Amino acid sequence: MKNVLVTGGAGYIGSHACKALKAAGFIPVTYDSLVTGWKDAVKFGPFEQGDLLDRAKLDSVFAQYEPVAVMHFAALSLVGECMQDPGLYWRNNVAGSLSLMEAAVAAGCLDFVFSSTCATYGDQDNVVLDEDSVQMPINAYGASKRAIEDMLRDFEVAHGLRHVIFRYFNVAGADPEGDVGEYHRPETHLVPLMLDAIDGKRDALTIFGTDYDTPDGTCIRDYVHVCDLVDAHILGLKWLREGKDSRVFNLGTGTGFSVREVLDESHAVTNRAVPYVEGPRRAGDCTKLVSGSQRAINELGWEPHRSNMKEMITDAWRWHQSGHYEG
Ligand code: UFG
């Protein structure tokens, strides 16, 4: 059995990746500070609590588990927060990733799968966002992820750190078996907030901006089912282990949904209307982010077969009704 070090393995996407890694015959070793993650979500392999900036702890974890690869999910990822406190994002995401990459190189662990984001592209209306699109982030979160991508390229040239970079579009849904799901505190993401509003766990949803240049005035996003997303990571890991070249892949489906369309689909799935009010725009939001790429499908053989809005909301709703983490 091969160990894979999963930073952020106690978070939403990382915990789903741990489940997929275990199913693929790897042992996921979670490294997580629990600042935003949940110990309860670590169910599929060993857990080491630590911060990315704690180089001594990272070195000891690499020495103990001798992982064959790193999957690096750990990051702060809130667009609103990064506009208020950009230093937090540069320190945690960029300096933290630098510490991790240096530890990986020192340990001779040279296959690296990295969670990047479509937020690195910025707000480019009417442009197909494929992997060759220019990266012009409009917020510190996107800028921090772009900087890490740059570091990875430099580390490959200098140290042979081979990498697959995945630029996520909007991730939604939950494990259909209910082992893990999406649970953030504070919650800022559209789908869980909407489900909370539907069953009265919080006030009406505020639609952030209804005057965007889109057909119904609300922002458009490309939503990917979290299980499809982590499937791509397993394929990316295999890609590296087969000795293929470092590569960037978008993970989106090419179909955009407006905020109002997501609300309508939630109504259809849950049979309950989403209480909402219309509010002003949220700082840092892009008008439309839709992936224009088929690269992951063509080259990795990725099949995002669960990424339709009905299935994502059905799985998120099941998780929402059945549970959450305590600690
Ligand atoms: N939205 C609302 N009301 C809410 C919450 C969200 O109208 O209460 C809207 C947002 O304005 C946006 C859409 O719903 O148009 C989706 O918002 P999310 O907060 O769910 O997701 P984001 O698109 O802001 O962010 C996601 C990831 C980030 C990533 C970003 C890329 O969470 O990590 O996509 O822009 F950076």
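Every number in this text was worked out from the coordinates using simple rules, so none of it is lab data. As the structure is a prediction and not an experimental result, all values here were calculated from the model. Cβ placement follows ideal geometry from the backbone for every residue including glycine, while neighbour counts extend to all protein chains displayed.
Run the quick spin-label model on L88 and D213: label points 7 Å from Cα toward the beta carbon, then report their separation in nm to one decimal.
Going by the 7 Å Cα→Cβ label model, 3.2 nm.
What FRET efficiency do you get for D179 and R202 if R0 is 22 Å and r is their Cβ-Cβ distance, rounded to the nearest 0.05?
0.35
So how do S144, S133 line up by other beta-carbon neighbours within 10 Å, fewest first?
So the ranking, lowest neighbour count to highest, is S133, S144.
How large is the charge dipole for the chain, taken about the Cα centre, if only the Cβ atoms of Lys, Arg (+1) and Asp, Glu (-1) carry charge, to the nearest 20 debye?
500 debye
Among C18, C109, which comes first, then next, by fewest other beta-carbon atoms within 10 Å?
Ordered from fewest to most neighbouring Cβ atoms within 10 Å, C18, C109 come out as C109, C18.
Using amide H atoms built in the peptide plane, which far-off residues or other-chain residues are under 5 Å from G292 H to H?
Those qualifying (amide H under 5 Å, at least 5 residues apart or on another chain) are L129, D130.
For segment 43-145, what does the relative contact order come out to in percent, with C-alpha contacts under 8 Å and a separation of six or more?
34 percent
Compute from the Cα atoms of segment 1-59 the Rg and the Dmax, the latter being the longest Cα-Cα distance, and quote both in angstrom.
10.6, 31
Helix-derived [θ] at 222 nm for the chain: sum -39500 (n - 2.57) over DSSP H runs of at least 4, divide by residue count, nearest 500?
-11000 deg cm²/dmol
Give me Rg over Rh for the chain, both radii from the alpha carbons and Rh done the Kirkwood way, two decimal places.
Value, to two decimals: 0.95.
What are the ³J(HN,Hα) values, in whole Hz, obtained from phi via the Karplus relation 6.51 cos²θ - 1.76 cosθ + 1.60 with θ = phi - 60°, for each residue of segment 96-105 in sequence order, with x given for Gly and Pro?
x, 5, 4, 4, 5, 5, 5, 5, 4, 5
Please report Rg over Rh for segment 7-105, where both radii come from the alpha carbon positions and Rh follows the Kirkwood definition.
That ratio equals 0.97.
Hey, can you grab everything whose amide H is under 5 Å from the amide H of I27? Only 5+ residues off in sequence or another chain; H modelled, so Pro and N-termini drop out.
Residues meeting the amide H criterion: K2, N3, V4.
Arrange the following residues from fewest to most other Cβ atoms within 10 Å of their Cβ: S266, S60.
Ranking S266, S60 by Cβ neighbours within 10 Å, fewest first, gives S60, S266.
Between R241 and N298, with labels modelled 7 Å along Cα→Cβ, what's the label distance in nm to one decimal, could you check?
2.7 nm
Using 18 Å as the Cα-Cα cut-off, could you pick out the over-long pairs in K19/K238; K145/K244; K22/K43; K19/K43; K2/K238?
K145/K244
Run the numbers for Q321 and E278: contour at 0.36 nm per residue of separation, minus the present Cα-Cα distance, in nm.
The span from Q321 to E278 would gain 12.9 nm if fully extended.
Express the relative contact order of the chain as a whole percentage, based on alpha carbon pairs under 8 Å and six or more residues apart in sequence.
19 percent.
Mind checking the angle between helix 140-159 and the chain's longest principal axis? C-alpha axes, 0 to 90 degrees, to the nearest 10.
20 degrees
If you take the charge dipole of the chain about its Cα centre, with +1 on Lys and Arg Cβ and -1 on Asp and Glu Cβ, which of T314, F208, T30 is farthest toward its positive end?
The one lying farthest along the dipole's positive direction is T30.
Helix 226-241 versus the longest principal axis of the chain: what is the Cα-based angle in degrees, 0 to 90, to the nearest 10?
So the inclination is approximately 20 degrees.
For a distance above 20 Å, tell me the whole-number percent of Cα pairs in segment 125-194 that qualify.
53 percent
In debye, nearest 20: dipole of segment 4-128 around its Cα centre with unit charges on the Cβ of K, R (+) and D, E (-)?
The dipole of segment 4-128 has a size of about 360 debye.
Calculate how many DSSP beta bridges within the chain are antiparallel, expressed in % of all such bridges and rounded to the nearest 5.
5 percent
With labels modelled as points extended 7 Å from the Cα through the Cβ direction, what inter-label distance (nm, one decimal) is found for D264 paired with V157?
Taking the simple label geometry, D264 and V157 are separated by 4.9 nm.
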